[in-house]
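See structure below.
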Amino acid sequence: MDFKQIEAFVNVVRYKSFSKAADATFFTQPTISTHIRNLEKELGVKLLDRKSRIVEMTPQGTKFYKYAVEMINARAQAFDALDNDSDNVKGILEIQTSSIPSITFLPELLSGFRREHSGIQYYVSSSDTQTVVDNIIERRGEIGFIGEEVLSNALELTKVATDKTVLIAPGSYDIGDVIPMSEAVRHPFIWRETGSATRKSFEAAAAALGFDKDTFDVAALFNDMDSIIRSVEAGLGVAIVSEKVASSIGGNVRIVEIEDYSEERSFYMINLRSISLSPSAEAFSDYVKNRTSDI
């Protein structure tokens, strides 16, 4: 049994796709497919169900997956223990992140860590907070960044950043610099998907003021921040975003304060408690904690 075969299997499971697994490991898709076929042949069982577009594990694959992850991490830890070179942290670090960390503080962390450990390559998947949590629990990535505190015994949380949320509006809108919530809800809104922590916190604050979900005129729903910003610039509607994101936009977008809404967000790094991190993930986690210890 070859470790490259095991790594190919783990990555196909994590990304539910042969092509995405190839991207994550910087191999070609035919190479990934060959590794999986050889592994299944050696084990004498089918590990993956390839009948649908989304690749899922068979019952035998589900049993094998936990041990496959542990084998990969144990191998990496063994090599790390025998290597006295402190700058020999290397490999592919898989990170799951919600949208705001991905465009605010995470790029700086990735850049700083790679300056210290040039052998690191990143595979970063951006989604919403709930998807990040689900993916980390399902071991699709070792480190995650989310925009709300999640109460789960399965996860270790480290607070890494804080930010405010603000309303952004097209420059063409006739809207004041400071408005009440009652005026804000009259404008068409551009929303993130329902798993977005930004959206959930704003809807909860609005509901506390007597404005439930049915009050909002929803103009569009997007699953990425860039599309929301471009749509606001084009005049489609208003949106609730991170203040750090809003301050970097410029152009035909205005930042509007909602006088009866003041929300400070906390952002967290997460990982599974039940497994040992790979050396690269453990080193990155320590790096992040050392740079956010004063929060």
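The values are calculated or read from the model by the stated rules, or taken from the named source; none is laboratory data. It should be emphasised that the depicted structure is a prediction, and the values quoted were computed from it without experimental measurement. Here the Cβ positions follow ideal geometry from the backbone for every residue, glycine too, while neighbour counts run over all protein chains shown.
Quick notes on this structure:
- For the stretch 57-81, filtered to residues that are under 25 Å from Thr34 (Cβ atoms) and surrounded by fewer than 14 Cβ atoms within 10 Å (Cβ to Cβ), the residue that is modelled with the highest pLDDT is Pro59.
- Remark: pairs (first residue in the stretch 143-171, more than 19 Å from Val124 (Cα to Cα); second residue hydroxyl-bearing (Ser, Thr, Tyr) and surrounded by fewer than 17 Cβ atoms within 10 Å (Cβ to Cβ); Cβ separation under 6 Å; 6+ apart in sequence or on different chains) = Lys159/Ser266; Thr162/Ser266.
- Residue that is farthest from Val69 (Cα to Cα), among those in the stretch 82-103 that are modelled with pLDDT of 90 or more and of a type in the set (Ser, Thr, Tyr): Ser102
- Checking each residue in the stretch 167-210 for being buried (at least 18 other Cβ atoms within 10 Å of the Cβ), within 18 Å of Met225 (Cβ to Cβ) and in contact with a helix residue (DSSP H, G or I) (Cβ under 8 Å, 6 or more places away or on another chain) picks out Leu167, Ile168, Ala169, Pro170, Ile190, Trp191, Arg192, Ser196, Ala197, Thr198, Glu203.
- Matching entry among Glu233, Glu257, Glu282 (being surrounded by fewer than 17 Cβ atoms within 10 Å (Cβ to Cβ) and at pLDDT 85 or above): Glu257
- From the options Lys41, Lys16, Lys4, residue that is among the charged types (D, E, K, R) and at pLDDT below 85: Lys16
- Taking the stretch 217-293 as the region of interest, the strands (runs of 3 or more DSSP E) fully inside it that hold 3 or more residues being in contact (Cβ under 8 Å) with a residue 60 or more places away in the chain and within 22 Å of Ser126 (Cα to Cα) are 239-242, 264-272.
- Which numbered condition Leu151 misses (of (1) out of contact with any Phe, Trp or Tyr (no Cβ under 8 Å at 6 or more places or on another chain); (2) modelled with pLDDT under 90; (3) among the hydrophobic types (A, V, I, L, M, F, W, C); (4) surrounded by 16 or more Cβ atoms within 10 Å (Cβ to Cβ)): (4)
- Gly141 buried (at least 21 other Cβ atoms within 10 Å of the Cβ) and either under 16 Å from the mean Cα position of the chain (by Cα) or under 28 Å from Val241 (Cα atoms) (or both): yes
- Residue within the stretch 211-230 that is surrounded by 16 or more Cβ atoms within 10 Å (Cβ to Cβ), within 18 Å of Asp128 (Cα to Cα) and in contact with a helix residue (DSSP H, G or I) (Cβ under 6 Å, 6 or more places away or on another chain) present: yes
- Looking across the stretch 24-54 at every residue that is touching a residue at least 60 places away in the same chain (Cβ under 8 Å) and assigned to a helix (DSSP H, G or I), the one that is nearest to the chain's Cα centre (by Cα) is identified as Ala24.
- Residue within the stretch 125-137 that is modelled with pLDDT of 85 or more, assigned to a loop (DSSP other than H, G, I, E, B), buried (at least 19 other Cβ atoms within 10 Å of the Cβ) and within 13 Å of the chain's Cα centre (by Cα) present: yes
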